[in-house]
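The values are calculated or read from the model by the stated rules, or taken from the named source; none is laboratory data. In this text, all values refer to a predicted model and were calculated from it rather than measured experimentally. Because the Cβ atoms are built from the backbone with ideal geometry, glycine has one as well, and the counts that use them run over all protein chains shown.
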Ligand SMILES: [Zn+2]
């Protein structure tokens, strides 16, 4: 269970690319305290990243693992370490997994996604989804195969129509600053906050201490901007997100 405060619902705190990562994470958490950021849902996209998470446990960091639809160095064979992590209860969910229409191998992506949906069902784990362009394909796949899947779409950037469809599946939405770029999205943001399980995220990749302030200030100002945009107090948004995090990961936290 996280201490009460602001949670970053999707980020990457341990990446295999960065040797300096462990001390960076220590510094990142120290900085977070002063910003009232008390929790992070971090993502492991390779076996190496999962091991880094497992070996460096912090109360503030909970982690998920998954085969991303287009991350370098991942393959369907990674399904074994995802399964093992789910079985050992070392992860609190799967992700970020999904479909990415910027790449042409959609049928391969679907296979990888299905195998992971099955693991999530078997171990009753929530999922953080990465969906780019392929929202309708994603919707029909979930409806046909695992309609009881729970979790949230990270960095949601679809239309109001797509939002309404996803809402029917009872999935939540994690808001990244990208969604605030278009004025017309205010309707979607309003609908998400008032009707769905909602979350806030940076999708930050911790690589060096230059971007520490940037990411954390980004999270705080994202919530502030939403509060001003839709007229809900900042403190209430933090309280509700904290409640939503505990609800979606209720069997894990
Ligand atoms: Zn991400």
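What the table below lists for this structure:
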read-out: Near pairs, Cβ below 8 angstrom, 6+ apart or cross-chain, from region 154-176 (closer than 14 Å to residue 134 by Cα and without any contact (Cβ under 8 Å) to a residue 40 or more places away in the chain) to any residue that is more than 16 Å from the ligand (Cβ to nearest atom) and part of a loop (DSSP other than H, G, I, E, B); value: 166/158
read-out: Verdict on residue 148 being within 16 Å of the ligand (Cβ to nearest atom) and out of contact with any strand residue (DSSP E or B) (no Cβ under 6 Å at 6 or more places or on another chain); value: no
read-out: Checklist (1) closer than 15 Å to residue 50 by Cα; (2) within 13 Å of the ligand (Cβ to nearest atom); (3) out of contact with any helix residue (DSSP H, G or I) (no Cβ under 9 Å at 6 or more places or on another chain) applied to residue 66, failing item; value: (3)
read-out: Residue, surrounded by the fewest Cβ atoms within 10 Å (Cβ to Cβ), within region 116-140, restricted to residues that are touching a residue at least 40 places away in the same chain (Cβ under 8 Å) and more than 16 Å from the ligand (Cβ to nearest atom); value: 124
read-out: Residue within region 27-41 that is in a loop (DSSP other than H, G, I, E, B), within 16 Å of the ligand (Cβ to nearest atom) and free of Cβ contacts under 8 Å to residues at least 40 places away in the same chain present; value: no
read-out: Hey, residue 194 modelled with pLDDT of 95 or more and exposed (fewer than 15 other Cβ atoms within 10 Å of the Cβ) or not; value: yes
read-out: Filter result for the condition that a residue is surrounded by fewer than 20 Cβ atoms within 10 Å (Cβ to Cβ), in contact with a helix residue (DSSP H, G or I) (Cβ under 9 Å, 6 or more places away or on another chain) and within 19 Å of residue 36 (Cα to Cα), over 234, 199; value: 234
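Conditions (1) out of contact with any helix residue (DSSP H, G or I) (no Cβ under 8 Å at 6 or more places or on another chain); (2) farther than 19 Å from residue 197 by Cα, marked per residue:
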site: 106; (1), (2): no, yes
site: 133; (1), (2): yes, yes
site: 150; (1), (2): no, no
site: 166; (1), (2): no, no
site: 175; (1), (2): no, no
